[in-house]
1. At 222 nm, what helix-only mean residue ellipticity would the chain give, in deg cm²/dmol to the nearest 500, using -39500 (n - 2.57) for each DSSP H run of four or more?
2. Sticking with the crude label model, points 7 Å out along Cα→Cβ, report the distance from Gln183 to Glu229 in nm, one decimal please.
3. May I have the count of lysine pairs in the chain with C-alpha atoms under 19 Å apart, counting pairs 8 or more residues apart or located on different chains?
4. Using 0.36 nm per residue of separation minus the Cα-Cα distance, give me the extension gain between Arg444 and Asn63 in nm, one decimal.
5. Can you list the trypsin sites (Lys or Arg not before Pro) in segment 468-504 that are in a DSSP coil and have 14 or fewer other beta carbons within 10 angstrom?
6. Looking only at Cβ-Cβ distances, which cysteines of the chain have no other cysteine closer than 4.7 Å?
7. Kindly put Ser230, Ser43 in sequence by how many other C-beta atoms sit within 10 Å of each C-beta, fewest to most.
8. Arrange the following residues from fewest to most other Cβ atoms within 10 Å of their Cβ: Tyr212, Tyr483.
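Here, each number is a calculation from the coordinates, and none is a lab measurement. Fair warning: this is a prediction, and the values are worked out from it, not measured in the lab. Cβ placement follows ideal geometry from the backbone for every residue including glycine, while neighbour counts extend to all protein chains displayed.
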Amino acid sequence: MNLPAVFLDRDGTIIEDRGHLATPDEVVFFPDTVAALRHLQASGLRLLIVTHQPGIATGRLSNAAVQRVNAHVVAELQRHGIAIDGVYCCPHQRTDQCRCIKPHPFFMERAAAEHALDLSHSFVVGDHPHDVAMADRAGAVGIYVRSGHGERHRAELPPDQLLVPGIREAADWILAHLEMVRQEAQNPGLLEDAAQVLRNGGLVAFPTETVYGLGAVAFDETAVARIFESKQRPRFDPLIVHVADRAMLEQVATDIPAAAHKLIDHFWPGPLTLVLPKTAAVPDLVTAGLPTVAVRMPRHPLALALIRRTALPLAAPSANPFGRTSPTDAGHVSESLRGKVDRVLDGGPATVGIESTIVSLAGKRPVLLRPGGLPLEEIVALIGPVDRSTAEGGHPVSAPGMLARHYAPHTPFHLISMHAPPPRSHARSRVGLLAFQTVNAPDRFAAVEILAPSGDLREAAAHLFGAMRRLDRMNLDMIWAEYVPDTGLGMAINDRLTRAATPA
Ligand code: TXA
Ligand code: MG
């Protein structure tokens with residue numbers, strides 16, 4: 001049986017692109033490379049590198065120097081337990097008209113023959129349009145990363161090319177895609193059945209990279225009404241509409257300003273929701289009567305495949321009862337919405353783990369309505385200052401994520417500061433601790449959850465809701481939670497902690 005593989009571009013994809021690398025000491029791995037490749041390898045994917053080094057043809061680099069750099073990259077990965085099955089290098093420049101330059105799939109085909117690979121179940125990850133074009137010609141899936149030259153050449157990509165921030169998200173996407181293919185093989189028609197349920201007015205819970213969503217066709221008012229009913233969600237509260245491509249966006253939103261296009265180009269698919277003027281096609285029930293619609297394109301392959309298969313945008317709030325902790329795996333959904341949804345699709349644990357960032361572009365100035373899975377800093381870097389909305393900020397609606405009490409466990413939940421003495425508890429009470437990175441004297445607690453031993457806020461976000469649920473199931477007298485640093489994703493994590501701790 002032929003094996004699936006991931007063909008990795010070298011510069012800009014797994015190591016920093018610093019021009020023509022001549023010596024091993026110029027090699028700088030991206031911080032996420034090792035973990036990402038480890039996950040891919042652990043799932044049975046073979047790993048290969050296909051690199052283009054035109055510096056050899058132009059005389060800037062010797063062939064031997066390039067070989068040494070390649071050997072160093074392989075040896076460094078080997079040191080971390082990652083096996084690279086082959087490194088293929090095109091030394092030519094385009095005017096040489098060689099057969100091995102990307103996007104020719106020459107090296108992919110050679111590797112397939114040499115290593116018994118199945119190209120039709122393989123992937124290419126790269127930061128140049130030629131990388132994804134090569135994938136296409138070989139019958140593989142191309143994933144474009146914005147690292148390296150990715151940002152510069154983005155405009156040259158075919159429409160609706162899958163685009164992710166970097167190697168970490170590329171690996172997450174590939175693993176989720178493989179899992180989807182595995183489930184579909186085990187259970188043929190799985191996706192078509194779910195799409196059919198949706199088209200017939202049913203509810204399908206589906207994975208996204210942020211949290212699981214409870215979806216209905218956005219244009220079907222009766223189906224959307226069932227979402228509110230099963231979530232016991234107040235009617236005034238508008239839903240996010242999920243789309244899979246630009247054409248679908250235009251079915252639901254209109255008068256899309258330049259800043260929105262900029263954000264979409266950069267961050268979709270991904271954890272960013274935009275509030276835009278709505279089209280007449282969107283029912284009032286979806287937007288709670290507002291003239292605007294919240295819309296996003298999720299990154300999870302199963303979400304994208306489901307929306308495409310349904311061929312209609314899906315309105316979906318997080319798949320949990322109103323006000324409670326959001327679901328980050330399929331088990332959470334089944335636990336809390338049992339019997340109230342027609343299908344639950346399992347896409348594994350959510351990799352971002354916290355809901356999308358919501359920005360309104362429907363007014364004169366951009367407004368942050370909810371901090372979330374895309375750090376505010378990245379948005380500001382792209383479009384300039386973004387106002388911070390408070391519930392009383394004069395906005396027409398306060399997002400329920402903005403209601404003071406939200407995301408709440410059933411157990412009393414209190415925030416503690418890393419630097420202040422903790423609240424008093426009775427000597428005999430059982431206290432659980434939700435900590436960020438380390439714990440002093442863990443023995444004082446009946447249970448401890450550490451969000452990110454490494455201190456990585458992305459890891460903390462991914463673990464937040466799962467950890468809250470585990471503590472909540474332990475019949476503790478109270479849970480103490482520690483704030484995390486308030487930068488990047490920390491802002492969204494602290495927001496959720498504060499709302500979970502607000503008294504009912
Ligand atoms: O990550 C997410 O965004 C997840 C996944 C499933 O995509 N969805 C999610 O949906 O968190 P939900 O319904 O729990 O939160 C939607 C938020 C609400 O806080 C709502 O008030 C706000 O979006 N919203 C929706 N339409 C809006 C509008 N027209 N103006 C302002 N806020 C809006
Ligand atoms: Mg590159």
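1. -10000 deg cm²/dmol
2. Between Gln183 and Glu229, the label points sit 2.5 nm apart.
3. Details: Lys231/Lys340; Lys262/Lys278; Lys262/Lys364; Lys278/Lys364.
Lysine pair count for the chain: 4.
4. 131.0 nm
5. Answer in residue order: Arg473.
6. Cys89, Cys98
7. Ser43, Ser230
8. Tyr483, Tyr212
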